[in-house]
Amino acid sequence: MFNLKSIDIDMKTETAWVQAGATTGELYYSIAKTSEVHGFPSGVCTTLGIGGHFSGGGYGFLIRKYGLSIDNVIDAQLIDAKGRILDRKSMGEDVFWAIRGGGTTSFGIILSWRIKLVRVPPRVTVFNVQRTLEQGATELAYRWQQVAPKLPKDLFIRLQPVPINNGGNNKTVSVSFIGHFLGQADELLRLMNVRFPELGLTRNDCSEMSWVESALSWAGFPNGTSIDVLLNRVQVDRVFYKSKSDYYKAVIPKQGLETLWQVLMDIEDIFVQFNPYGGRMEEISESETAFAHRGGDLFKAQYGIQWSESDGGINATGRYVEMSRRLYNAMAPYASSNPREAFFNYRDLDVGSNESGETDFEVAKEYGAKYFRNNFMRLTGVKAKIDPENFFKNEQSIPPLPTPPSH
């Protein structure tokens, strides 16, 4: 799929066909070269393959304004188990519904997506404000949970706590409040002074730039980096990593935040991101696409752990995966439950999985409920129509709905 990477933008209709092997970075680059007032809501990482990234939802800092990538997909090309190339019309609305959020790998091979570009202002504002525990980060993180999901759609603030070791037993946590605002700094400051004055955002914290430059900034590139880096398809510093996810439907109490800080300081090699929902995500019903995590979710958490060759590489996997489980278990009392929901694109075998080459319906129901909530059963019905023989399968694929025995 790596070589299927063409991107064809049509400004008359403000749409584009993007092949599955193109990266998010290449898409952002192509849009920016064509227009200064268009963008697209998808991932912060710039080396994600569009095929799979969109099919599991696709989210980034425009999520509260424009929803997920799949909320802005209007057509697709999919190869089915019979080898036919289908578009939205020939696959039918059921399959088109399923591949937007249900992952394409259970239904076929995604070749390309047709997307609707979104409007962005010529200048946007980003900020990254950091506060340690000693500077009142716990209180601010507690407040953020109440504020961030209810802010106007143009403002997205991610919360990212990082453990810091100052030597000896001198450890703390630094919490970053990373913001993206579809507008200029003066307007942002007025808004923050009303909605989140506790953060104390100043003009000096804010940088104005074009939308594509803000995509670079979020991806961690220094200000002033040429947008040509978006064309680098391969990550330079390759690491081993493991991600887990959670959805939060209630505010984590301060005691829960203190538990989180403690685990972070104990483990150290771990990163956590809280991404606020609300806004556009609340307006789309959980059954509109296969992606079910919508209203009622305050924020989504990603817990990541990474290590390198020098830390033991592949042989150290067990130890690091165990650490990620420890953090996940510590947050259980505060996250969603029955089922404890998970984000499909942070594949996590711990939420339930089949043996390779098998698809047991009962096992699939377990991970299916966590990934797709009430959409799981409908997904199995679609699967039975397009791939009744279960040709496309993996450890967490969607099984075909079994046909009831005839009497």
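The values are calculated or read from the model by the stated rules, or taken from the named source; none is laboratory data. Computed from a prediction, not measured in an experiment: that's the story for all the values here. Methodologically, a virtual Cβ is constructed for each residue, glycine included, from the backbone with ideal geometry; neighbour enumeration extends over all protein chains shown. Just the protein is used for accessible areas: all its heavy atoms, side chains included, with ligands, DNA and RNA removed. Shrake-Rupley method; radii C 1.70, N 1.55, O 1.52, S 1.80 Å.
Tabulated data for the structure shown
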| read-out | value |
| --- | --- |
| Most to least packed among 314-322, 360-368, 109-117 [average Cβ atoms within 10 Å] | 109-117, 360-368, 314-322 |
| Karplus (6.51, -1.76, 1.60) ³J(HN,Hα), θ = phi - 60°, over region 103-110, in Hz, Gly and Pro reported as x | x, 7, 5, 7, 10, x, 10, 7 |
| At R0 = 51 Å, FRET efficiency that the Cβ-Cβ distance of S6 and N170 yields, to 0.05 | 0.45 |
| Per residue solvent-accessible surface (Å²) - region 88-241, probe of 1.4 Å | 46 Å² |
| Carbon/sulfur fraction of accessible area - region 245-373, other protein chains in place, 1.4 Å, % | 45 percent |
| Pairs beyond 28 Å (Cα-Cα), from K244/K385; K5/K150; K254/K300 | K244/K385; K5/K150 |
| Count, lysine Cα pairs under 17 Å in region 7-119, 8 or more residues apart or across chains | 4 |
| Those residues of region 149-173 whose amide nitrogen sits under 19 Å from the label point placed on Q306, 7 Å along Cα→Cβ | 158-165 |
| Percent accessible area from carbon and sulfur atoms, region 7-119, protein chains only, probe 1.4 Å | 50 percent |
| Burial ranking of peptide ranges 122-133, 371-382 (average Cβ count within 10 Å, highest at the top) | 371-382, 122-133 |
| Sequence ranges 271-281, 243-253, 76-86, ranked by mean other-Cβ count within 10 angstrom, highest first | 271-281, 243-253, 76-86 |
| For region 32-94 and region 222-278, distance of Cα centres in Å | 23 Å |
| Solvent-accessible area per residue, Å², over region 287-331 with all protein chains present [probe radius 1.4 Å] | 41 Å² |
